[in-house]
Amino acid sequence: QEVPGLVRCSSPRIMTAEDKANEKKEKEDNKAAAEKKDILKKDKRDVVVHPIVLLAVVDHYNRAAVNTTKRVVGTLLGEVDDYKLHVTNSFAVPFEEDPRDPQVWFLDHNFHENMYAMFKKVNAKERVVGWYSTGPKIKSSDLSIHELYRRYCPEPVLVVMDVQPKGLELPMEAYYSVQEQTSDEVFKRTFLHATSTVGAFEAEEVGVEHLLRDIKNASASTLAVRVGDKISALKGLAVRLREISAYLSSVVAGKLPMNQEIIYYLQEIFNLLPDQDSDELVRSFAMETNDMMLALYVGSMLRSTVALHNLINNKIKNKKGKEEKKDAKDKKKEAEEKKEGEEKKDGESKKSGEEKKGKDKDK
């Protein structure tokens, strides 16, 4: 019988090893979900610029500012996919600035709003993600323009394009703006560099291949193109190695602080390098080189033989053509001489007939 006023308490439950494992797993899942949520909320994403944007920027520059010191400005459209900011489209915006005072500038934001409304009707997924400039470097007025684009996008990205690249590096740099505390009481903003790459969807890759097919030199052989590509890649590798050497020298000299992430990546690169002291590796490289050189030698010999064969065939063909032409000329000459002889003979017989007829008449 229950006593009024007393509360029945349940006996304490003893946690088993399975319960502890389930609790630990639940904590790990919550932590992973929180990290994923943080990644989704991340604003400073890596920027992937698509080929259509590069072509549009170059076309805008060639139409508006080629052979001048002016730059062109436009709006970037895109979407977030796979935790990266994909810049998939763009359009030009009327822009003017005073060359003597960069703080005096004009950007037609009404034109921008009208164009974006029309683009949104075509593709609702694309939204304003930032703006581009053909700097080729950042200018003092870019922060003010960036603040203007913050009306249309919480964290716009600035992509500075170099339409006349001179080196082997990518002709673009991407920046976000961040708050930076200075001696002033008011926070000021400054640009923060972001990782930028060139990427394309499958359909864009097909279009780019067709464009490159028209641009490539038709007279150059496939081997020459491959060798040229390898030389360009080696030049780019040499530039990167010089940058790594300069950075490590500065760290050793104490000019720059050591960045553990960069050192980790460098160590990973060195770990991926093959062991060149291994006899098996040296033998494999020698065999591969010999096989490649043999293939090149056989190909070169075959190419020379085919060229010589074509040359001989061409000479024989020309010789036959000349002989046929000469025979035709001789036959034509003989036919003309025969015709002239027959005409002469007919004329003489006709004349003799007329003379005989005249003599008979006289008689």
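The values are calculated or read from the model by the stated rules, or taken from the named source; none is laboratory data. On a predicted model such as this, the values are computed, not experimentally measured, just so you know. Here the Cβ is made from the backbone with ideal geometry for all residues, glycine too, and neighbour counts use every protein chain on show. These area figures cover heavy atoms from the full protein model, side chains too; ligands, DNA and RNA do not enter into them. Shrake-Rupley method; radii C 1.70, N 1.55, O 1.52, S 1.80 Å.
Before moving on, here are some points about what is shown:
- Cα-based shape type of region 127-281, given that a ≥ b ≥ c are square roots of the gyration tensor eigenvalues and the cut on a/c is 1.5: oblate
- Phi-derived couplings, Karplus 6.51 cos²θ - 1.76 cosθ + 1.60 at θ = phi - 60°, listed residue by residue for region 287-295: 5, 4, 5, 5, 4, 5, 5, 5, 4 Hz, with x used for Gly and Pro.
- Pairs from K84/K188; K125/K235; K70/K188; K139/K255; K139/K166; K84/K166 whose Cα-Cα separation, in the structure shown, is over 30 Å: K125/K235
- A simple spin-label model places the labels of E288 and N67 5.0 nm from each other, with each point 7 Å out along Cα-to-Cβ.
- Residues in region 301-319 that a label on A224 would reach, taking backbone N under 16 Å of a point 7 Å out along Cα→Cβ: 303-304
- Candidate aspartates and glutamates - alpha carbon under 17 Å from K332, same-chain residues fewer than 8 apart omitted: E323, E324, E340, E342, E343
- Dimensionless Rg ratio for region 232-294, taking C-alpha atoms and the 2.2 N^0.38 Å reference: 1.56
- Set of aspartates and glutamates with alpha-carbon distance to K320 below 20 Å, sequence-local pairs under 8 removed: D330
- If you bin all the Cα-Cα distances of region 32-178 at 5 Å, starting from zero, the percentages per bin are 2, 9, 19, 22, 21, 14, 7, 4, 2, 1, 0.
- Placed amide H near L76: partners under 5 Å, 5+ positions off or other chain: V129, G130, W131, Y132
- Peptide packing: for 293-301, 115-123, 142-150, 59-67, the average count of neighbouring Cβ atoms within 10 Å per residue gives the ranking 142-150, 59-67, 115-123, 293-301, highest mean first.
- Of all accessible heavy-atom area on region 212-336, the percent that carbon and sulfur account for (1.4 Å): 61
- Taking 0.36 nm per residue of sequence separation and removing the Cα-Cα distance, the A253/K326 pair yields an extension gain of 17.7 nm.
- Cα centroid separation - region 300-361 against region 258-295, whole Å: 74
- When the residues Y176, Y264 are ordered by accessible surface, computed with a 1.4 Å probe over the protein chains alone, the sequence from largest down reads Y264, Y176.
- Solvent-accessible heavy-atom area per residue, rounded to whole Å², over region 60-156 at 1.4 Å: 54
- Derived scalar couplings ³J(HN,Hα) [region 236-250; Karplus, 6.51 cos²θ - 1.76 cosθ + 1.60; whole Hz; x for Gly, Pro]: x, 5, 5, 4, 5, 5, 5, 5, 4, 5, 5, 5, 5, 5, 5
- Point-to-point label distance, H193-Y264, nm (Cα→Cβ direction, 7 Å offset): 2.0
- Spacing of the two label points (7 Å from each Cα toward its C-beta) at S300 and R213, in nm: 3.2
- Förster-model FRET efficiency, 51 Å R0, K339 and K315, C-beta, rounded to 0.05: 0.90
- Dividing the Cα radius of gyration of region 229-363 by 2.2 N^0.38 Å, with N the residue count, gives 3.09.
- Solvent-accessible area of region 63-181 (1.4 angstrom probe, protein heavy atoms only): carbon and sulfur portion equals 51 percent.
- Where region 183-319 is the region considered: accessible area per residue in Å², 1.4 Å probe: 87
- Accessible surface of R283, taken over heavy atoms with a 1.4 Å probe and every protein chain present, rounds to 140 Å².
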